[in-house]
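Data block below; observations after.
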Amino acid sequence: MKRKRNFSEISLLTITLALFAVMYLGGILFYGFRISTFLNLFNDNAYLIVATTGIFFVLLTGGIDISIGSVVAFTCVFSAWLLEKGVPSGVVIPLVLLIGLAFGSLQGFLIVRFDLQPFIVTLAGLFFMRALCSIISKAAIAIKNPFYLKVALAKIRFTLGRQHPKIYFYALFAIAVVLATAFVLKFTKFGRTVYAVGGSEQSASLMGLPARGTRVMVYGISGFCASLGGVVYSLYTLAGYSLQNIGMELDAISSAVIGGTLLTGGVGSIFGAAIGVLIQGLIQTVVTYQNLNTWWTKVTVAALLCLFIIIQRAMSVNGEQARKKRLIRVA
Amino acid sequence: MTMKLIKKYRDGRIFWPSMVFFAILVFNTLISGGEFLSITIMDGHFYGRLIDIFRNGSKLMLLAMGMTFVIASGGIDISVGSVMAIAGAIACSVIRGNLFPALQGSVFFALVLALAAGALCGAWNGFLVSRVKIQPMVATLILMVAGRGIAQLITNGKIITVNSQAYYFINGGYILGLPFPLYLVMALFAGALVFTKKTAFGLFLASSGINEKSSRLAGIEVENIKLLVYVFCGLAAAGAGLIESSGIKGADCNNAGLMIELDAILSVAIGGNLLTGGRFSLGASLFGALIIQSITTTIYAMGVPPEVIQLVKALLVITISLIQSEKIGLKLIPAKEAVS
């Protein structure tokens, strides 16, 4: 059983990597992608990488969180509003992160304590946060705080011949979040429990693992990462608008799935999920290069999502059949 | 006889949702000083706030019926908003002649093609759920993301307007003084009611939702039932999309049916149907849709900013879910039903 799992995780990740490599090579051949194109994938999608990390924890436990788009929007609008009122950034950033964490944990508590469906609770969360956004301000608010401006423009510039590719600090921050997540999932008790709960909650609790507490915590992490993604997004756009990031939760979920996360829980790698985000970024880039209708991005992503889900399904059916055969042999 | 009917109503699932709806109506009447209930007749048509609630709520009522079936089967369909956009886009493109130039101007073929597209979308969802066995939430997510894109590609990313009195009739028309969309709702309701009550379909559907495995062992074709409910839901969504597009006299793929899937699910929940599947009541869902529509109207009438509506809806969903939760143990559902 265990070996089978590892096998499917690795082969799903291979497919994802291969897809990314093929797409990127195609980009180099047909559109002349440069180093800067590659770095811009990180610059433009840093917020999505951070938010995907959060939802990735939830997906690993077999749950779902569709409130993150609204939480990102709320974070941007609320921090832009506070900054406009003259609140120092040293207060604003911890405050919005704390709200994200508290909101996510509350959702997790409702889901676990009262046995509610994650989909319904986070749906209500989506409504709630979006409503708060438009109550705060219906117009877009620009961020003029000097600290934000300074951080938003901080970047590293390379010189490679005649090219000057650059990477922003917040993109590096997103990479750091991914590395930290990988560490937590691989080497901490909590991380291993997340995988165990996703494999089978019942078995995990019978083993004495704190299954219910872990499930509440993953929603807390998801809310926290969403607000962290919101901070990154507000650095990226330097504004807050109540209608931004509608449908972003779907981007995050499809990134994770394209990156080989099983929606039934228990299987997935954070690097795969991050590459899933980059693949979406590549699709976006190609659509822009081709000067196509931007909706092609959504259609292509959905088709990819569908393809990957069907591959996953085929793999799990295969795995089940193999297990049945083994059982028959044992009998 | 009357006592028996009253008792049946009192014990039925429709009792609480309808009471809430009437309470909202009474509340509205009081705060508006009676103006709310006034219905005037102009050109032989009825006008008034009450009529508006029914007309504006017709889209939601159609969606709520489709969603009731899907939820009863133990599933969910979050693609209805996108299917609405597709239906509107197809109908308007056909009438304008951008799609199938031979059929330009034919409202009849526009409607047939739009409804067929809705059924096809539903069949796709149903195929993914019943045959490929993907979780419903994820399976319909695919169409939710792609559907709006497909609609945009049909209209080439533009807002298409149409000029056709026959098409406007779908939303703005009147028959015997009542708005036409209301007849659509009644027709679908009557059809669905006969189909679920007079055939074994309703029983099979509830049974599949409660326990899929044992239903299959009992000889029910669970897969086909699931396929059918998604097709029905797609059709209902296409109908709602036509009403919406007829109302704005065109197709706006960005905004048609945006976030309405949440309202549809909420209608079903407010109607007291379990979101985990099983026993269902179409009538109760219709009242759920009317409750949402009338709350919206009330909030507008009280001069509260419309953003608050979402806040109210969010709190409502959580409250209803908590009431339904077995962990809280409020026995609002009669025990005999909980067993069945």
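Listing for the model above:
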item: Candidate lysines for bridging to B:Lys198, where Cα separation is under 20 Å - those fewer than 8 sequence places away on the same chain excluded; result: B:Lys8, B:Lys226
item: Percentage of interatomic Cα-Cα distances in the protein assembly as shown larger than 35 Å; result: 45
item: Average partner coverage of A:302-311, which counts Cβ from other chains inside 10 Å; result: 4
item: For peptides B:111-117, A:204-210, sequence by mean Cβ density within 10 Å, most packed first; result: B:111-117, A:204-210
item: Alpha-carbon centroids, segment A:199-216 and segment B:262-297: separation in whole Å; result: 34
item: Three-way shape label, segment B:107-212, alpha-carbon gyration tensor, a/c 1.5; result: oblate
item: Rounded percent of accessible protein surface that carbon and sulfur make up, segment A:2-326, 1.4 Å probe; result: 67
item: Spatially proximal lysines relative to A:Lys189 (Cα-Cα < 19 Å; intrachain offsets below 8 disregarded); result: A:Lys2
item: Theoretical FRET efficiency, 1/(1+(r/R0)^6), r = Cβ-Cβ of A:Leu206 and B:Lys7, R0 45 Å, to 0.05; result: 0.40
item: Probe 1.4 Å, protein heavy atoms only - accessible area per residue of segment A:31-101 in square angstrom; result: 29
item: For segment A:85-191: rounded, prolate or oblate by the Cα gyration tensor [a/c cutoff 1.5]; result: oblate
item: Accessible area (Å², 1.4 Å probe, nearest 10) - A:Tyr236; result: 90
item: Accessible area (Å², 1.4 Å probe, nearest 10) - A:Arg192; result: 110
item: Chain A, relative contact order in percent, only Cα pairs under 8 angstrom and at least six apart counted; result: 33
item: Exposure rank, largest accessible area first [A:Lys166, A:Lys150; 1.4 Å]; result: A:Lys150, A:Lys166
item: For segment A:32-41, 3J(HN,Hα) per residue [Karplus equation, 6.51 cos²θ - 1.76 cosθ + 1.60, θ = phi - 60°, Hz, x = Gly/Pro]; result: x, 4, 10, 4, 5, 4, 5, 5, 5, 4
item: Interface area, B with A, accessible, probe 1.4 Å, both sides summed, Å² nearest 100; result: 3700
item: Average beta-carbon neighbours from other chains, 10 Å sphere, peptide B:129-141; result: 4
item: Calculated [θ] (222 nm, deg cm²/dmol) that DSSP helices of n ≥ 4 give over chain A, each run adding -39,500 (n - 2.57); result: -26500 deg cm²/dmol
item: Counting all C-alpha pairs of chain A, share separated by more than 39 Å (%); result: 14
item: Average beta carbon contacts from partner chains per residue of A:113-119, 10 Å cutoff; result: 6
item: Space enclosed by the convex hull of the alpha-carbon atoms of segment B:46-323, per residue, Å³; result: 130
item: At 1.002 mPa s and 20 °C, Stokes diffusion of segment B:205-277 via Kirkwood alpha-carbon radius, µm² per second; result: 148
item: Viscosity 0.692 mPa s, temperature 37 °C, Stokes-Einstein D of segment B:1-64 from Kirkwood C-alpha radius, µm²/s; result: 235
item: Debye log10 I(q)/I(0) for segment A:199-327, one point scatterer per Cα, at q = 0.11, 0.14, 0.21, 0.23 Å⁻¹; result: -0.55, -0.83, -1.35, -1.42
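The values are calculated or read from the model by the stated rules, or taken from the named source; none is laboratory data. These figures come from a predicted structure and were not determined experimentally. Glycine gets a Cβ as well: all are built from the backbone with ideal geometry, and neighbour counts include every protein chain shown. The area values use the complete protein model at the heavy-atom level, side chains included, leaving out ligands, DNA and RNA. Shrake-Rupley method; radii C 1.70, N 1.55, O 1.52, S 1.80 Å.
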